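Remarks on the structure that follows.
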Amino acid sequence: MSTADAHEMTCKELVELVTDYLEDALPPAARTRFDEHLAACPFCTTYVEQMRQTVKALGSLPEASIPPAALDALLGHFRKWR
Amino acid sequence: MTTPIVNNDIALDEARLLTALRERDEAAFVSLVRRYHGPLLRLAMVYAGSRSVAEEIVQETWLGVLQGIDRFEGRASFKTWLFRILVNRAKTRSERESRTVPFSALAASETAGDEPAVSPDRFLGADHPDWPNHWCAPPTDWGASPDQLLLSKEARERIGGVIAGLPPAQRQVITLRDIEGWSAEEVCNALDVSETNQRVLLHRARSRVRGALEHYFGRE
């Protein structure tokens with residue numbers, strides 16, 4: 001980021017900083033530049049929104065259920081243990 | 001009439017199940033096995049790399065629970081204790097098989113080099129007079145209710161497929177962070193990876209998943 005500080009943030013830079021932004025790991029100056037860019041750029045706003053939606057979708061994947069054979073095997077162990 | 005289940009109810013219910021398990025109640029055991037199978041399997045996949053090995057690790061974990069339940073004092077939560085048993089079993093196993101590449105080596109190779117979040121050809125050139133490095137092929141909206149779409153079986157299968165195909169360190173980080181909801185700190189400790197590398201791996205993994213979803217939603 002050494003040379004990027006002086007000028008306005010570009011879209012190409014922003015897409016590489018999204019995770020730092022969402023993780024609240026950007027230094028204050030970079031965060032300000034990020035927010036300024038977002039306020040002026042509907043495309044990047046869409047991009048950041050899609051990253052948020054992606055994270056949300058990942059958090060709501062359904063759980064796998066245990067295969068019957070595996071449960072039977074466990075019950076066998078359980079009855080021996082009991 | 002339904003009342004919302006709050007964490008307290010779950011904790012209470014779990015305490016009852018554990019007491020019943022100590023009393024050798026089979027139904028309580030089955031309830032716990034069903035409740036935790038999904039999270040355990042995903043955590044096992046982090047270490048195992050194949051579904052069948054992961055299933056075996058989960059089985060071994062439950063045997064560990066039966067062996068240890070009478071000594072489990074409840075100082076940590078049951079879930080923490082359970083996950084710790086799984087991680088220990090998984091690590092012992094991979095040491096025994098010693099085919100596994102250590103996470104640090106995976107992380108080093110997967111964080112090296114450039115891996116653009118978005119293909120460079122979707123941006124204007126750095127020499128563009130007005131809009132250097134701005135979008136020329138911007139992302140388009142995922143419709144009015146993307147949340148609904150993302151919950152469809154097809155979208156979920158797509159996401160599952162992308163996750164399975166990620167480079168291993170990226171897969172491990174995104175599984176624990178975003179699918180299982182671990183904090184950054186928990187992931188750094190569990191995988192023994194620096195905060196910065198954890199974030200780079202997460203970024204690359206999330207960017208790939210977003211890219212796949214974009215493709216699925218119809219751009220290109």
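Quick notes on this structure:
- Restricting attention to the stretch B:39-74, the residues being touching a residue at least 24 places away in the same chain (Cβ under 8 Å), of a type in the set (G, A, S) and buried (at least 17 other Cβ atoms within 10 Å of the Cβ) number 3.
- Qualifying residue in the stretch B:7-28 (condition: surrounded by fewer than 16 Cβ atoms within 10 Å (Cβ to Cβ), at pLDDT below 90 and either within 9 Å of chain A (Cβ to nearest Cβ) or not in a helix (DSSP H, G or I) (or both)): no
- Exclusive hit being within 25 Å of B:G160 (Cα to Cα), modelled with pLDDT of 90 or more and either touching a Leu at 6+ places or on another chain (Cβ under 7 Å) or not β-branched (V, I, T) (or both), set B:Y36, B:Y47: B:Y36
- Considering residues of the stretch B:202-219 that are in a helix (DSSP H, G or I) and basic (K, R) only, the residue nearest to the chain's Cα centre (by Cα): B:R206
- Taken together, B:A190, B:A169 contain a single residue that is under 27 Å from B:A90 (Cβ atoms), more than 9 Å from chain A (Cβ to nearest Cβ), crowded, with 20+ Cβ neighbours inside 10 Å and at pLDDT below 95, which is B:A169.
- Candidates in the stretch B:34-83 are the residues that are part of a helix (DSSP H, G or I) and among the polar types (S, T, N, Q); of these, the one that is farthest from the other protein chains (Cβ to nearest Cβ) is B:T80.
- Candidates are the residues of the stretch A:17-64 that are more than 8 Å from chain B (Cβ to nearest Cβ) and among the polar types (S, T, N, Q); the one that is surrounded by the most Cβ atoms within 10 Å (Cβ to Cβ) is A:T45.
- So B:W81, is it over 17 Å from the mean Cα position of the chain (by Cα) and modelled with pLDDT under 95: yes
The values are calculated or read from the model by the stated rules, or taken from the named source; none is laboratory data. These numbers come from a predicted model, not from an experiment. When we count neighbours, we look across all protein chains shown, and the Cβ atoms used for this are built from the backbone with ideal geometry, even at glycine.
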